[in-house]
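J.: Mind having a look at this structure? Questions to follow.
The values are calculated or read from the model by the stated rules, or taken from the named source; none is laboratory data. As the structure is a prediction and not an experimental result, all values here were calculated from the model. So basically every Cβ, Gly included, is an ideal-geometry build from the backbone, and we count neighbours across all protein chains shown. To get the accessible areas, we keep the full protein, side chains included, count just its heavy atoms, and leave off ligands, DNA and RNA. Shrake-Rupley method; radii C 1.70, N 1.55, O 1.52, S 1.80 Å.
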Amino acid sequence: GAPDISNLRLRLPWGPYLSALCFVCYCYYSGFQMFVPCSNVSPDFRDFTLILPAVSVGNVGQLAADLIISTLDMTKVGYIYTEYLVPMVGNNPYATNEENAQELSINAEVYSLAARKLAVVQIRSPVIKNKSRSFCQLLISWLKKNGFSRVIVLSSSHAYQRDDQQLLGTPFRYLLTPALQSTVGNLMEKLNWKEMEQMVPYPGISDTEKRIVIPGGGITKILYNNSCTEEIPLAVLLKFCSEGDNIPDAFAVVNYLNEWLQLVQSANGDSTMNSNRWKVPYSWRLLFGSGLPPALF
């Protein structure tokens, strides 16, 4: 089995970081299983809802996952290592005190809230070039093995590549695989959500063929197509946006998701307008780096 890194601590400036990074790299190329639990007992995800961010425009899906994990105080139950993600290691992004601030986090970790049958996979590094299909196949195998009742991919797409029909109205779109369409399709209509339109991928070259296009969406389209083929109950929720300060986009996405899942509610019971109900994680203090040194002025 794989070594347990859940209790590693940072005590020296660089040594533990390098040691943990070497451990991660070793795991990626040594043939260990994909998911490793933090305890001796592997969690049971049957009938859980899984939220999975795509590494996409503005990292909106990942920021939204941060808000969900932090607000619901979800517990880390395991981590994922694979040769298909760029290795990384850092401090605990959801630290609440000095002690747990010294815990390490790596590029893909799994958080759970058993009472709500909710799990979140947080991905913190991009997929290695030309490995997107292999990574999606690995994810599909893991999803099928664990029996999740539904999978929700939080993603984003380049706002500047919208076509004319996408310029008006809401910036949000959704997609459902056939396996999920039969159970939640009517709910989407009640929520007045807008399904992702099919577009001409190469205007002026072939105007007759239309298909789903998600520019800047990372693995979103591949994962969606594979899930349709493998009969995975999967939904994609995305927002058109641009690179920059994408914190407002992350809040918008979790509020959009909250209309469906009812993860948090405001004091008056409203689940639609509740940005102030989301808990910003500790790590966001340095989202754009540290402040300017006073010595410059």
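J.: Ordered by packing density, taken as the mean number of other Cβ atoms within 10 Å over each peptide's residues, highest first, how do 212-224, 174-186 rank?
T.: Ranked by mean Cβ neighbours within 10 Å, highest first: 212-224, 174-186.
J.: What FRET efficiency comes out for the pair LEU187/ILE128, r = Cβ-Cβ distance, R0 = 22 Å, nearest 0.05?
T.: Efficiency at R0 = 22 Å is approximately 0.05.
J.: Beyond 16 Å, what percent of the Cα pairs of the range 75-119 remain?
T.: 47
J.: Right, next: Would the range 54-155 count as rounded, prolate or oblate if I go by the C-alpha gyration tensor, calling it rounded below 1.5 in a/c and otherwise prolate when a/b exceeds b/c, oblate otherwise?
T.: Here the range 54-155 falls in the oblate category.
J.: Here is a further query. Cα-Cα over 26 Å: which of LYS145/LYS221; LYS239/LYS279; LYS145/LYS279; LYS76/LYS145; LYS145/LYS239?
T.: Those over the limit are LYS145/LYS279; LYS145/LYS239.
J.: Setting aside same-chain residues fewer than 8 positions from LYS144, which aspartates and glutamates have a Cα under 12 Å from its Cα?
T.: The qualifying aspartates and glutamates are ASP47, GLU230, GLU231.
J.: Averaged per residue, what accessible surface does the range 51-179 expose to a 1.4 Å probe, in Å²?
T.: 39
J.: Would you please put 116-126, 49-59, 250-260 in order of how densely packed they are, using the mean number of other Cβ atoms within 10 angstrom per residue and starting with the highest?
T.: Ranking, from highest mean packing down: 49-59, 250-260, 116-126.
J.: Quantify, in whole percent, the carbon and sulfur part of the accessible surface of the range 99-184 (1.4 Å probe; protein heavy atoms only).
T.: The value for the range 99-184 is 51 percent carbon and sulfur by accessible area.
J.: Could I ask something else about it? What share of the DSSP beta bridges in the range 66-224 is antiparallel, in percent to the nearest 5?
T.: Expressed as a percentage, antiparallel bridges in the range 66-224 total about 95.
J.: Nearest 0.05, what FRET efficiency do MET34 and PHE297 give at R0 = 45 Å with Cβ-Cβ as r?
T.: Using R0 = 45 Å, I get an efficiency of 0.35.
J.: Moving on to the next point. Quick check: from the Cα gyration tensor, does the range 52-91 come out rounded (a/c under 1.5), prolate or oblate?
T.: Note, shape of the range 52-91 comes out oblate.
J.: Counting only DSSP beta bridges with both residues in the range 155-238, tell me the antiparallel percent, nearest 5.
T.: Taking every DSSP beta bridge within the range 155-238, about 75 percent pair in antiparallel fashion.
J.: Taking a cut-off of 13 Å between Cα atoms, list the aspartates and glutamates near LYS210, but don't count ones fewer than 8 places away on the same chain.
T.: ASP163, GLU197
J.: I would also like to ask the following. Counting only protein heavy atoms, what percent of the accessible surface of the range 33-97 is carbon or sulfur at a 1.4 Å probe?
T.: Its accessible area is 46 percent carbon and sulfur atoms.
J.: Would you kindly state how much longer the chain becomes between LYS194 and GLN102 on full extension, computed as 0.36 nm times their sequence separation minus their alpha carbon distance, in nm to one decimal?
T.: Additional length available on full extension: 28.8 nm.
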